[in-house]
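Q: One structure, pasted below without further comment.
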Amino acid sequence: MPKKVLLISPLEDFLLNPKEFPPLGILYLSSYLKQQGQEVDVLHGNIEDIKKEYDFYGISASTVQYPKANLFLQYIKQKQSGAKVILGGAHTIAPRCSKEALEDGFDYVVVGQGEKAFLKIIEGKENGGIIVGEPLNQEELDTLLPDREAINILEYGYPLEGGRAATMITARGCPYRCSFCSISSGRVMFRTAEKVLEEIGILKNKYGFDKLLFLDDSFTVNRERLIKVLNGMKNLGFKYRCYARSDNSNDRKLLELMRESGCVEIGVGIESGSQKILDLTDKKTKVDKNVEFIRMVQEVGIKVNAFVMIGLPGESRETIRETRRFMEMTKPERFGYNIFTPHPDSDIVINYEKLFTSGPHKGKSFKDFITIYPMPYEKAITKSESINDCFISTPDLSRQDITDAYHEEFEKFVKITGFDPRKRGERGKSK
């Protein structure tokens, strides 16, 4: 007998526009459970939107969403004590966070991909506790599309080229292990080029989108598959943005093909203009190669959105100046700038006191290059209208120094680029 399931993503009230990004994670989960014969509804909203009489409630949360998810849990348990509440999402990756969620009262905590784990819970094959998700196989990954019918997808869209872009994911996972980011399995699963193009066709023909935002951590990792996708997009009339790294995309012919297929913007994680910081955080990129890549992207006619941070391990006034010089030298058309937020699932946090066993800093640890202060989960914000909290310091910079420098450099970057990310597009307006 099918079970009634409500999948929830707490509305991200801290964002300039919470409806820029549909909750793709639970939309994939919705599709999978419906394929298995379950009755599923989806909610991207607030506590007052939660309805009763479901057998299972699945809540997906990032770290900043967790306090709200916990309130949802208490509300559900108060209104319907017999229902089972499951937590998944990025927040559960950190071992201390998944354990804490159980202590807070969640019946199950799913770590990693949630489709098969959630189904086992519904079918009574799990008895509670922390459950590590099992990845989908290739056929399952290729046949699973997000359940965009479960929400009003036309309410959503990322501002791009005067319109609103649909979001999609063509691969799961990231092969890189940057220490400031979420702990990565190092494994990537790719949907085939044919299935990617099929989904793009659905977004165009069924929903009327002609702009796309590819959310893959690095859209250009799998070169052979990428070229098939790009060739297939040439005549579809799309404009799109994607994310790439300078070390796997530094190829003029590839970039020209990307432009011909509709690419108007590439987001690239520069992080810092200091090679010392890039090496310390295991970014595995070079400052000079980043410069070369940005110039090449601009030369072929694609805009660059450079993502940089302040407050990474080893930050100093000199490294801040190095990053500013990098921005002055490259003049990216757009930028994103944030204070490093020590998320609990990052390598810097998890291995804070672990000694480096090789390299120039052998015998030291991240603790020698950065101090991490207690951070309320609701403050784990990396994108918002205004960032005023800092939960790190370095041997050369206090928390206040970093906060002040962040605001000063932000305004300088606005002048350098002529772009203000706070005013991108017509945020909050209808499509």
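Q: Please enumerate the residues belonging to region 52-88 that are under 25 Å from residue 389 (Cα atoms) and assigned to a strand (DSSP E or B).
A: 60
Q: May I pose another question? Look at residue 323 and say whether it is part of a loop (DSSP other than H, G, I, E, B) and either at negative phi or not basic (Lys, Arg) (or both).
A: Considered against the rule, which asks whether it is part of a loop (DSSP other than H, G, I, E, B) and either at negative phi or not basic (Lys, Arg) (or both), residue 323 comes out as no.
Q: Please work out which one of (1) of a type in the set (D, E, K, R); (2) in a helix (DSSP H, G or I); (3) buried (at least 17 other Cβ atoms within 10 Å of the Cβ) is the condition residue 292 fails and give its number.
A: The failed condition is (3).
Q: On the basis of being in contact (Cβ under 8 Å) with a residue 60 or more places away in the chain and surrounded by 21 or more Cβ atoms within 10 Å (Cβ to Cβ), does residue 241 make the cut?
A: It is true that residue 241 is in contact (Cβ under 8 Å) with a residue 60 or more places away in the chain and surrounded by 21 or more Cβ atoms within 10 Å (Cβ to Cβ).
Q: Quick check: anything in region 20-42 in a strand (DSSP E or B) and either within 26 Å of residue 347 (Cα to Cα) or of a type in the set (A, V, I, L, M) (or both)?
A: Checked against the condition, which is being in a strand (DSSP E or B) and either within 26 Å of residue 347 (Cα to Cα) or of a type in the set (A, V, I, L, M) (or both), region 20-42 yields at least one hit.
Q: Next question, about the same structure. Here are 313, 332: which of them is within 30 Å of residue 111 (Cβ to Cβ), at pLDDT 95 or above and in a loop (DSSP other than H, G, I, E, B)?
A: When all the criteria are applied, what remains is 313.
Q: Of the conditions (1) surrounded by fewer than 19 Cβ atoms within 10 Å (Cβ to Cβ); (2) of a type outside the set (A, V, I, L, M, F, W, C); (3) part of a loop (DSSP other than H, G, I, E, B), residue 273 fails just one. Which one is it?
A: With (1) surrounded by fewer than 19 Cβ atoms within 10 Å (Cβ to Cβ); (2) of a type outside the set (A, V, I, L, M, F, W, C); (3) part of a loop (DSSP other than H, G, I, E, B) applied to residue 273, the lone miss is (1).
Q: Can you go through 108, 158 and tell me which one is modelled with pLDDT under 95, of a type in the set (Phe, Trp, Tyr) and crowded, with 19+ Cβ neighbours inside 10 Å?
A: Step by step, each of 108, 158 is checked, and only 158 is modelled with pLDDT under 95, of a type in the set (Phe, Trp, Tyr) and crowded, with 19+ Cβ neighbours inside 10 Å.
Q: From 130, 153, 93, grab the single residue that is closer than 27 Å to residue 209 by Cα, of a type in the set (Val, Ile, Thr) and touching a Pro at 6+ places or on another chain (Cβ under 9 Å).
A: Within the list 130, 153, 93, the selection yields 153.
Q: Hey, does region 402-410 have a residue that's in the same structural domain as residue 181 (by TED's automatic domain parsing) and assigned to a loop (DSSP other than H, G, I, E, B)?
A: No, there is no match, as no residue in region 402-410 is in the same structural domain as residue 181 (by TED's automatic domain parsing) and assigned to a loop (DSSP other than H, G, I, E, B).
Q: I would also like to ask the following. Residues in region 48-62: is at least one hydrophobic (A, V, I, L, M, F, W, C), out of contact with any strand residue (DSSP E or B) (no Cβ under 7 Å at 6 or more places or on another chain) and more than 16 Å from residue 5 (Cα to Cα)?
A: no
Q: Does any residue of region 127-144 turn out to be crowded, with 19+ Cβ neighbours inside 10 Å, out of contact with any Asp or Glu (no Cβ under 7 Å at 6 or more places or on another chain) and not assigned by TED's automatic domain parsing to the domain that holds residue 302?
A: Yes: one or more hits.
Q: Also, I was wondering about something else. Can you tell me which residues in region 231-246 are over 11 Å from residue 296 (Cβ atoms), within 20 Å of the chain's Cα centre (by Cα) and of a type outside the set (Lys, Arg)?
A: 240, 242, 243, 244
Q: Run residue 262 past the list (1) in contact (Cβ under 8 Å) with a residue 60 or more places away in the chain; (2) surrounded by fewer than 22 Cβ atoms within 10 Å (Cβ to Cβ); (3) touching a Phe, Trp or Tyr at 6+ places or on another chain (Cβ under 9 Å); (4) not hydroxyl-bearing (Ser, Thr, Tyr) and report the number of the one that doesn't hold.
A: Status for residue 262: all satisfied but (1).
Q: Quick one: in region 372-391, of everything that is of a type in the set (Val, Ile, Thr) and either part of a loop (DSSP other than H, G, I, E, B) or in the same structural domain as residue 19 (by TED's automatic domain parsing) (or both), which residue is modelled with the lowest pLDDT?
A: Only one residue fits best here, namely 382.
Q: Given the condition under 20 Å from residue 2 (Cβ atoms), within 23 Å of the chain's Cα centre (by Cα) and buried (at least 24 other Cβ atoms within 10 Å of the Cβ), answer yes or no: does some residue in region 92-105 qualify?
A: no
Q: While we're on this one: Under 7 Å between Cβ atoms, at least 6 apart or on separate chains: pull out the pairs that start in region 343-371 with a residue that is touching a residue at least 12 places away in the same chain (Cβ under 8 Å) and in a loop (DSSP other than H, G, I, E, B) and end on any residue that is of a type outside the set (D, E, K, R) and loosely packed, with under 15 Cβ neighbours inside 10 Å.
A: Close Cβ pairs (under 7 Å, with a partner that is of a type outside the set (D, E, K, R) and loosely packed, with under 15 Cβ neighbours inside 10 Å) amount to 365/355.
The values are calculated or read from the model by the stated rules, or taken from the named source; none is laboratory data. Note that the coordinates shown come from a computational prediction; the quantities given were computed from them, not determined experimentally. Don't worry about glycine lacking a Cβ; one is built from the backbone with ideal geometry, like all the others, and counts go over all protein chains shown.
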